[in-house]
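Asker: Encoded as structure tokens, here's the structure I'll be asking about.
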Ligand code: BEZ
């Protein structure tokens, strides 16, 4: 048995619990993201098909990350702009000759410029939902569409509860460290409508998702704001304890399956 693996019931394989690196405060690391989370853009194809991008359309990819989906839009003949607040991701995306800009969705200054704004797996990182929706609305031409997908209500709930629970055991209140916003369809529909959008479609979609880097890879990539509340020499133990809690729920036959729930939507700009 390797370090940090545990014995399992007969008939089931052990899931990997090796924590490869101890976390530091959040900075996106494109190599770690590509290793542990490439599935995020791969699984973005259904929302990209909902967007139904047409050649010649001017499309903003909001939170383009390393540009994987922006490239597909460009390959389909769209005139794309990608924005992302991460300088590290933008540096990777630029290698693909994309128009990508280091910019935060809360500070968008585009006006009536885009046929569509597209966003995959980003909006759950931004608590100021109304501000982002207003900025998207302004960026769109009349009749333009806002098509996106992100974590919805119940997304990764077991993982979130395990992180919060292990922090609580250590006397730490996670409420200020939790960076995730996972709304219900009703809540997000109301927000879109309040900004003037006509919501053509919105749905919560449970999507159990195999984690190629296991739970350690997920936590390494996405949960650093929780782990940063723990003193550095105790972080590995904290993350292992989180894995211990989650294994009976999400570990199966040597694989980790995360309890993803997506919120997918399409909304049309009504008023000018
Ligand atoms: C998501 O893409 O749904 C997600 C990302 C990080 C943490 C939790 C969920």
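Just so you know, all these numbers are worked out from the coordinates, no wet-lab data involved. Note that this is a predicted model, so its numbers are computed, not measured. Backbone-built Cβ (ideal geometry, glycine too); neighbour counts: all protein chains shown.
Asker: For segment 57-160, list the strands (runs of 3 or more DSSP E) that sit wholly inside it and hold at least 1 residues that are touching a residue at least 40 places away in the same chain (Cβ under 8 Å), over 16 Å from the mean Cα position of the chain (by Cα) and surrounded by 24 or more Cβ atoms within 10 Å (Cβ to Cβ); which are they? Lay out the reasoning, then the answer.
Answerer: Numbers: elements: 58-62, 79-84, 100-102, 114-120, 140-151.
It comes to 58-62, 114-120, 140-151.
Asker: Tell me, which helices (runs of 4 or more DSSP H) lie completely within segment 165-272 with 3 or more residues that are within 16 Å of the ligand (Cβ to nearest atom) and in contact (Cβ under 8 Å) with a residue 60 or more places away in the chain? So that I can check it myself, show each step before the final result.
Answerer: Working: elements: 185-194, 214-222, 224-227, 232-250.
Once the helices (runs of 4 or more DSSP H) in segment 165-272 are filtered for at least 3 residues that are within 16 Å of the ligand (Cβ to nearest atom) and in contact (Cβ under 8 Å) with a residue 60 or more places away in the chain, what remains is 214-222, 224-227, 232-250.
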